[in-house]
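Colleague: Could you have a look at this structure, given as structure tokens, before my questions?
The values are calculated or read from the model by the stated rules, or taken from the named source; none is laboratory data. Being a predicted model, the structure only gives us computed values, none of them experimental. Glycine also receives a Cβ, built like all others from the backbone with ideal geometry; neighbour counts cover every protein chain displayed.
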Amino acid sequence: MSAPGLQQGIAVTNLPIALRQIIINRIFGLDLSEKDFISRDHGLSAYFTDWFEEQCEAASREVSAETLEELLDFVAYLQTTNSSQDRIARKLSTSSGNFDAATNASLTLAARIWLSISVGSLSHYVTPGQDFVLWENNWEYSKLSKAVHDTLWPKIQTTEKVKLPKVFTAANLETIAGIRIQWTSNLADHLSLRDDDTKVMLFHQASFLELHQKSKHTILRSDLIEETISTLRLLIPCNEPRSRKWFQKKQKKLGLDAKAGSYSSLNTSARQIEKFHYWRDRLVVLKQTFDDSEPQTLRSWWYDDRKRVQWYTFWIAVLVLTLTIAFGLIQSISGIVQAWASVKSLHK
């Protein structure tokens, strides 16, 4: 027997925590208690507000699934039927007697909320970022698992040897290099640069990834999940005071998943670029962009200690210039006071 709340339409917002708990347990085949569920980003609030509800609202006009219950049935069908979208849709149409674009749209939406990845396309929704998993209707042999693996699979093209020092954090990307962080709930966008390398996408749904680790109903590889979390440990280390303060401010303002900024930093061995396979190329490009950047403001110069000798040289020069100006002002003011005193004594 289904929960009463699941009989409402899919275009819903501000879902109560009790209903969120039911939905997550259904998606992942888990039996999370209320306490355990609430402890995960206050009931996966970032996932529901930034992804689930947004996707459902956008797709509500073109899907055949009219209720949350029906949408979760589509998710369950995807999890147990590893076939192409076209074949699944035709099989469903045989049982329902109604095959149309709405069935395919329902499958696309179900895949998206299950994986937190932009799978396929929805005519009324512009995919955030640019990266998505191509799972087309006419791909007779394209299973969803294969489509996901083909997109999120180690494709190491660069042999560039780069170092990933402790200074290489998301806070410093913004503060020093002027590379703006754009948070995303689409895993396929993670670490990709945008807008002429002035913006980088960062996936923040860490609580959702951890549920995939616990679930038997997942097609995301465990090493992909672990490596994605490692990139968050690299870029948002909670034991680095400035990174922690920076992320807490962002999380409060934007409603991000707090779990993304709760991991401790990677040790020296784990920061070797060779340890990364899925995200290596994007990390290399991002690090090169970071290295090539020059501070544009005094605040950027203050935090930019990538080159210690250059940092000390710059601030010594600033100090000398400041003292020169200060002493010059003091001399000028002293001269004015003396001249004024001389003129005043002559009048006496």
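Colleague: Select, from Ala270, Ala317, the only residue that is at pLDDT 90 or above, of a type in the set (A, V, I, L, M) and not assigned by TED's automatic domain parsing to the domain that holds Arg40.
Modeller: Numbers: Ala317 fails: at pLDDT 90 or above.
Of Ala270, Ala317, the one residue that is at pLDDT 90 or above, of a type in the set (A, V, I, L, M) and not assigned by TED's automatic domain parsing to the domain that holds Arg40 is Ala270.
Colleague: May I ask you to verify whether Arg271 is outside any loop (DSSP other than H, G, I, E, B), touching a residue at least 12 places away in the same chain (Cβ under 8 Å) and either over 16 Å from the mean Cα position of the chain (by Cα) or more than 30 Å from Gln157 (Cα to Cα) (or both)?
Modeller: Numbers: outside any loop (DSSP other than H, G, I, E, B): no; touching a residue at least 12 places away in the same chain (Cβ under 8 Å): yes; either over 16 Å from the mean Cα position of the chain (by Cα) or more than 30 Å from Gln157 (Cα to Cα) (or both): yes.
Answer is no for this residue.
Colleague: A further question follows. If I filter the stretch 215-224 for residues that are outside any loop (DSSP other than H, G, I, E, B) and among the acidic types (Asp, Glu), do I get at least one hit?
Modeller: Scanning the stretch 215-224, I find at least one residue that is outside any loop (DSSP other than H, G, I, E, B) and among the acidic types (Asp, Glu), so the answer is yes.
Colleague: Can you work out which of the residues in the stretch 115-135 that are over 12 Å from Glu54 (Cβ atoms) and in a strand (DSSP E or B) is modelled with the highest pLDDT?
Modeller: Val119
Colleague: Scanning the stretch 242-263 for residues that are more than 17 Å from Val167 (Cβ to Cβ) and polar (S, T, N, Q), which turns out surrounded by the most Cβ atoms within 10 Å (Cβ to Cβ)? First the steps, then the outcome.
Modeller: Of the residues in the stretch 242-263, the ones more than 17 Å from Val167 (Cβ to Cβ) are 248-263.
Still in the list and also polar (S, T, N, Q): 248, 251, 262.
Details: Gln248: 14, Gln251: 20, Ser262: 16.
Selected residue: Gln251.
Colleague: Name the pairs whose Cβ atoms lie under 6 Å apart, with the first residue in the stretch 141-167 and outside any loop (DSSP other than H, G, I, E, B), the second at pLDDT 85 or above and acidic (Asp, Glu), and 6 or more positions between them or separate chains?
Modeller: Nothing qualifies.
Colleague: Which condition from (1) in contact (Cβ under 8 Å) with a residue 40 or more places away in the chain; (2) of a type outside the set (A, V, I, L, M); (3) not in a helix (DSSP H, G or I) is the one that Cys238 breaks?
Modeller: Status for Cys238: all satisfied but (1).
Colleague: Turning to a different aspect of this structure: Scan the stretch 6-20 for residues that are in contact with a helix residue (DSSP H, G or I) (Cβ under 7 Å, 6 or more places away or on another chain) and within 24 Å of Ser64 (Cα to Cα) and report the count. Talk me through it step by step, then tell me what you get.
Modeller: In the first step, residues of the stretch 6-20 are kept if they are in contact with a helix residue (DSSP H, G or I) (Cβ under 7 Å, 6 or more places away or on another chain); the result is 6-8, 10-13, 15, 17, 19-20.
So of that shortlist, the ones also within 24 Å of Ser64 (Cα to Cα) come out as 6-8, 10-13, 15, 19-20.
Total meeting the criteria: 10.
Colleague: Identify, from the list Thr103, Thr13, Thr81, Thr94, the residue that is under 25 Å from Lys214 (Cβ atoms) and modelled with pLDDT under 95. Explain how you work it out, then say what you get.
Modeller: Details: Thr103 fails: under 25 Å from Lys214 (Cβ atoms); Thr13 fails: under 25 Å from Lys214 (Cβ atoms); Thr94 fails: under 25 Å from Lys214 (Cβ atoms).
So the residue among Thr103, Thr13, Thr81, Thr94 that is under 25 Å from Lys214 (Cβ atoms) and modelled with pLDDT under 95 is Thr81.
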